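Asks: Got a structure for you, written out below as structure tokens; questions coming shortly.
Nothing in this text is a laboratory measurement; each read-out follows from the coordinates by a stated rule. Just so it is clear, the model here is predicted, and its values are computed rather than measured. Neighbour counts are summed over all protein chains in view; Cβ atoms, including those assigned to glycine, are modelled from backbone coordinates with ideal geometry.
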Amino acid sequence: MSENILLKLQSLSTEYYSLGSWYSYAHFGPIIPKKSNDIEPEKIDGMILLLVKEGEMTLEINFEQFNFEANTFAVLPYGATVKFVNSTDKPLEAYTIFYTTDFLHDVNINFATISVPVLFENQSPAQMLSKSEAELVLKYFDLMRLNAMTKVNQQIEKNIASSLTAAMVYQMIQFHYKRIGIIDGSKVQRTCRNAYVHDFMKLVHVHYSRERSVAFYAGKLCISPKYLSLLVKETTGKSAAKWIDDFVLMEAKNLLRFSGKNVQQVAYALNFSNQSSFGKFFKHMTGMSPTDYQKS
């Protein structure tokens, strides 16, 4: 699947560079895209970042249509089915970065530092940017382009790309914080309905490495676990228990990959009773053992 997408990106782009099997950069336009109804959907075996600089384009993502205007940034996630539908007659200029799953495994993003409302406030794959924000994101894209062109030491260039990608993720989160009114981790205004959910997420942010029980968080909020689970599920589309597990899993992956700790030490750091229970949790969540993940 990745090969098909890469070949299409390369054939359609006006500028294309790649770094080994890790990522590729493509620049499109300014062009007037041909309208076509015979383009087949492609399933993404990786992740695509898309920045539309000028013009408009319409993509069908998981069979739902999205229109992307100038200064729109979008994330097309792993496993998404994507199809180019059509465009207006306006000249289109856009940029993409395609990441393979192997590369993404080595990107060190500390999700525990992210103030939690951003994780579920924006369900759309796209974020409209101001002109200055789009120009800043374009600079990250350009650095990724220059890095792919360097061709001196691929391992160093891969590490540079990993750091740039993490920085770009943090940058997009900062943009989103600004839009939803988060200052120093607190939202300025929030609805009564979402208040419990925001407080739950903030508590998970603080306690996930020690507490994995929904009852613990419900007790902190003085509501029943059943009611908390209902609110979280209705607001975010994901259960309270799944949010807790996802926080634990993200930290487990970071520790296994980057901390230098062995599996037993990671299990202890995340308050599992023993290495075996941590191993069962990790394998249930990922399909592989902590040891295999650390070696991959």
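Asks: With θ set to phi - 60° and the Karplus curve 6.51 cos²θ - 1.76 cosθ + 1.60, what are the ³J(HN,Hα) couplings of region 72-78 in order, to the nearest whole Hz, using x for Gly and Pro?
Replies: Ordered by residue, 3J(HN,Hα) equals 9, 10, 9, 10, 9, x, 4 Hz.
Asks: Oh, and also: Could you order peptides 247-254, 233-240 by the average number of other Cβ atoms within 10 Å of their residues, highest first?
Replies: My ranking of the peptides, most packed first, is 247-254, 233-240.
Asks: In terms of Cα to Cα distance under 12 Å, which aspartates and glutamates are near enough to residue 295, apart from those fewer than 8 places away along the same chain?
Replies: 106
Asks: Using alpha carbon centroids, what distance separates region 7-33 and region 200-221, in Å?
Replies: That distance is 44 Å.
Asks: Which lysines have a Cα less than 26 Å from the Cα of residue 83, not counting those fewer than 8 places away in the same chain?
Replies: Result set, ordered by chain and number: 8, 34, 35, 43, 53.
Asks: Mind running the shape call on region 190-295? Use the C-alpha gyration tensor, a ≥ b ≥ c as the square roots of the eigenvalues: rounded below 1.5 for a/c, prolate if a/b tops b/c, oblate otherwise.
Replies: Judged from the Cα gyration tensor, region 190-295 comes out prolate (a/c at least 1.5, a/b above b/c).
Asks: Now, a different point. Find how much the distance from residue 139 to residue 7 grows on full extension, using 0.36 nm per residue of separation minus their present alpha carbon separation; answer in nm with one decimal.
Replies: Roughly 45.1 nm would be gained on extension.
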